[in-house]
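The values are calculated or read from the model by the stated rules, or taken from the named source; none is laboratory data. For clarity, every value in this text was computed on a predicted model and none was experimentally measured. Cβ: placed from backbone, ideal geometry, glycine included. Neighbour counts: every protein chain shown.
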Amino acid sequence: MLPQALLLMALLNTNVASTSNIITALPGFPGNLPFKLETGYVGVGNMDDVHLFYYFIESEGSPEYDPLVLWLTGGPGCSAFSGLIYENLGPLSFDYANSIGNKPQFKLNPYSWTKVANIIFLDAPVGTGFSYAKTWRGYANMSDTLSAAQTYEFLRKWLMDHPKFFNNQLYVAGDSYSGIVVPIIVQKISDGNHDDNVPPINIKGYVLGNPVTDVDKDGDSRILFAYLKALISDELYQSLETNCNGEYINVDPNNALCMDDLEIYNECTEDIRSVQILEPSCTLTSPKSMGSIWKPDHHSDRDSKNILLTSSGLPRPWCREYNYILSEIWANDKTVQDALHVREGSIEEWVRCNYSLQHSYIKDVSSSLVYHENLIKKGYRVLIYSFLTESDTMCFLIYRMIIASALKISVNSGDYDMFIPYVGTFAWIESLNLTVDSRWRPWFVSGQIAGFVLHFRLRHNLCSPGAGHTAPEYKPEECLAMIYRWFAYYPL
C-alpha cells in the first residue's frame, strides 16, 4: 500500500488511457483458463482522468453472434467481480471446500451466463474495484448521472477498440443500486443513436436484478413486506398504516405515534439479514444496521477476514459473508494483481464493496421510473422477473411491446429480499396499467416446475421457488435457463 502522496504521483505518471490484456491463467485455478478472458482500462472523463477497469469474457458459445452484455454491480461501489464470481454470471466460482487460509481456489461454474453471451464486467463508478482516477478531481462530484455518462463513454470507446462486437446485440445489465443507473445509460445510448456524428450502438435491452427503482417507494414497501412475511404482527402493521399514512421514509419527526411504531418495527427486524431473511446474520458484522428501513446491509468483508486466515476450519454457523471474504483475500494478492495487469499503485486496497464512496457520491436521481416509462413509450420489449410471496415463488415479468425492433427490459427481485422488496417492484410495474391477456401456467427447467407464467397484453409474469437479493446467486440454474431463452427469443 502506497502513502497518499506517492500514490498520487504514481497516478500522475500513468499516461496510458486505454489498455487491454489477454489472461490465460489465474492464481487459484489449475492450468490454463478454458475460456477467453481479457482485462483492461478505458480512460473517460475530462482529459481521460478516470480509468475504468473491466473484465471481458467471450461467450463460450458463438461469440460473433451471441449478445454483448455490459454488467454493473450495485452499491454504488461494488465491484463487477462480485457479479462475475458470486452471482454465477462468469465461468468461475470459488471452491469453498478447498479454499483454506489465504489460498482461495476456483472451480468451473456450470451455470455461467457466458455460455450464451459475451460479458463486460465493469468496475464503475470510479473508486469501485480496480477503477481509479489520476487526480482527486476525478473522484469529485461523482453522481448517478455522471456515472451513467462515463459508463456510456466507456462503452463507445470499448466498442471502437473491439469493432468485431459492434454489430452484436447489446444489453446493459446490473443489480441492486444499478436499477437507478442502468436505465439512464440505456437512455443515453438511445439518444446517442440519433447523433449522426457517431455510429449507432445495437442496443436491444437491459437486465436488472432486484433493482432500486424509486428510493422512497422501495423503502416504504419494506413495511408491507415484513407484514406479509410475518415478521411483524397484524396489530403493529395496522398501527403503522394508520399512524404513518404509508410514509415510512420521509416521516414527520413531530408524528410521535408513527415514530414509536417505527421504533418497534426496527426492534423486530434489526437482527434479520435483510438481503435474505431466511439466512443467519453474521456474528462478526454489526446487526444494528441490518433491519432498519433506512439502511441496507453494509457488511464489512474485512471484519471477518481473519477468521479464514487463523481458523483451521470454516466458522460455524456458516454465513454468506464468509464466502465474500475470499474475494478480498484473492484480489489483494500481488501475484493476482500482476496476473490481471492491474496498474501498480493505482489503488491502496481492493474491497468488494467500497461503501466509503457513499459519503461523497451524489444520488441525484431518486427514481428511475421516468426512464422506464420513457423507454417503454418508445415501443420497446420489456422483460421483468421477480419473486412472489403469495405462492412462495420467483416471478418474471416480461413486457412485450408491439414493435418488433423493440428494446427488451428485464428486472428481478427476491421474495426473501427485504432490502428491495418484491412488493415495491410490483408497485411501480403495476403503475404502468397493463392488463391480463391469458391465464397463469407453469414453466419448466430440467423437467421440473421452475415457476409459473402469467401473460399480459404487454407483458408476462413468471415465477419460480424463492431466493434473495441477487437471484442468480440463489437460483443459478433457473436464471441461466431464463436468460438463455430470453436472448434466443424463445418462449419461457
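Per-residue answers, yes or no, for (1) touching a Gly at 6+ places or on another chain (Cβ under 7 Å); (2) at pLDDT below 90; (3) loosely packed, with under 15 Cβ neighbours inside 10 Å:
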residue	(1), (2), (3)
240	no, no, no
247	no, yes, yes
253	no, no, yes
260	no, no, yes
263	no, no, yes
272	yes, yes, no
284	no, yes, no
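Consider residue 87 against the criteria (1) assigned to a loop (DSSP other than H, G, I, E, B); (2) within 28 Å of residue 219 (Cβ to Cβ); (3) modelled with pLDDT of 95 or more: it satisfies all of them except one. Which criterion is unmet?
Unmet for residue 87, out of (1) assigned to a loop (DSSP other than H, G, I, E, B); (2) within 28 Å of residue 219 (Cβ to Cβ); (3) modelled with pLDDT of 95 or more: (3).
Any residue at all in segment 343-350 that is modelled with pLDDT of 50 or more, of a type in the set (S, T, N, Q) and not in a helix (DSSP H, G or I)?
Yes, the conditions are met somewhere in segment 343-350.
Any idea which of (1) of a type outside the set (A, V, I, L, M); (2) under 18 Å from the mean Cα position of the chain (by Cα); (3) under 21 Å from residue 28 (Cβ atoms) is the one residue 344 doesn't satisfy?
(2)
Taking the criterion of being aromatic (Phe, Trp, Tyr), more than 30 Å from residue 213 (Cβ to Cβ) and at pLDDT 95 or above, would at least one residue in segment 56-70 satisfy it?
yes
Which is polar (S, T, N, Q) and out of contact with any strand residue (DSSP E or B) (no Cβ under 9 Å at 6 or more places or on another chain), of 62, 82, 93?
After applying the criteria, what remains is 62.
Kindly provide the set of residues from segment 30-57 that are surrounded by fewer than 18 Cβ atoms within 10 Å (Cβ to Cβ) and in contact with a strand residue (DSSP E or B) (Cβ under 8 Å, 6 or more places away or on another chain), ordered by number.
Scanning segment 30-57 gives 33, 34, 35, 36, 38.
Among the candidates 74, 129, 83, single out the residue that is farther than 27 Å from residue 204 by Cα, in contact (Cβ under 8 Å) with a residue 12 or more places away in the chain and surrounded by 24 or more Cβ atoms within 10 Å (Cβ to Cβ).
Going through 74, 129, 83 in turn, just one is farther than 27 Å from residue 204 by Cα, in contact (Cβ under 8 Å) with a residue 12 or more places away in the chain and surrounded by 24 or more Cβ atoms within 10 Å (Cβ to Cβ): 129.
From the list 221, 147, which residue is within 30 Å of residue 238 (Cβ to Cβ), buried (at least 18 other Cβ atoms within 10 Å of the Cβ) and out of contact with any strand residue (DSSP E or B) (no Cβ under 7 Å at 6 or more places or on another chain)?
It is 221.
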